[in-house]
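The next block holds one structure in the form of structure tokens; read it before the comments.
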Amino acid sequence: MNKIRKGDEVVVIAGRDKGRRGMIARRVDAERVVVEGVNRVKKHVRPNPMKGEVGGIVEKEMPINISNIALFNPATQKGDRVGIKELEDGRKVRFFKSNGELVDA
């Protein structure tokens, strides 16, 4: 079970965008994710008349390592560590380590 999933609200804890919040758009691989509005770079794109693409400078979001983000805890309004525990009925759920509150109830 992944501690951070697509659609989670996260806060960046290290790097150029430290302190920024955003939603996880997609997972690139086991260690990197793309967060909306975070780690934006300018990419020069060559025009391709066969596909109807115009050239220019495009801003896009690049992947960020999951070690540099933390799940946003709405109760404390901060980034928080996440643990996994098994309930009595056998379901595995995520919880915030600071206050023990369930992430996905």
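The values are calculated or read from the model by the stated rules, or taken from the named source; none is laboratory data. Computed from a predicted structure; not experimentally measured. Cβ sites come from the backbone with ideal geometry, for glycine too, and all protein chains shown count toward neighbours. Calculation scope for accessible area: heavy atoms of the full protein, side chains included, ligands and nucleic acids excluded. Shrake-Rupley method; radii C 1.70, N 1.55, O 1.52, S 1.80 Å.
Summed over the stretch 29-52, the residues that are surrounded by 12 or more Cβ atoms within 10 Å (Cβ to Cβ) and under 21 Å from Asn2 (Cβ atoms) give a count of 7.
Screening Lys60 against (1) surrounded by 11 or more Cβ atoms within 10 Å (Cβ to Cβ); (2) within 30 Å of Glu86 (Cβ to Cβ) leaves a single unmet condition, (2).
For the residues Gly52, Gly7, Gly15, the requirement of being in contact (Cβ under 8 Å) with a residue 24 or more places away in the chain and at positive phi singles out Gly15.
Applying the condition of being among the small types (Gly, Ala, Ser) and modelled with pLDDT of 95 or more to the stretch 20-36 and asking which residue is farthest from Ala75 (Cα to Cα) yields Ala25.
Can you pull out every residue in the stretch 17-26 that is part of a loop (DSSP other than H, G, I, E, B) and either within 10 Å of Ile64 (Cβ to Cβ) or touching a strand residue (DSSP E or B) at 6+ places or on another chain (Cβ under 6 Å) (or both)? Matches in the stretch 17-26: Asp17, Lys18, Arg20.
Residues are listed down the side, and each one gets a yes or a no for (1) under 14 Å from the mean Cα position of the chain (by Cα); (2) open to solvent by less than 80 Å² (accessible area, probe 1.4 Å); (3) modelled with pLDDT under 95:
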| site | (1), (2), (3) |
| --- | --- |
| Val54 | no, no, yes |
| Gln77 | no, no, yes |
| Asp80 | yes, yes, yes |
| Glu88 | no, no, yes |
| Ser98 | no, yes, yes |
| Ala105 | no, no, yes |
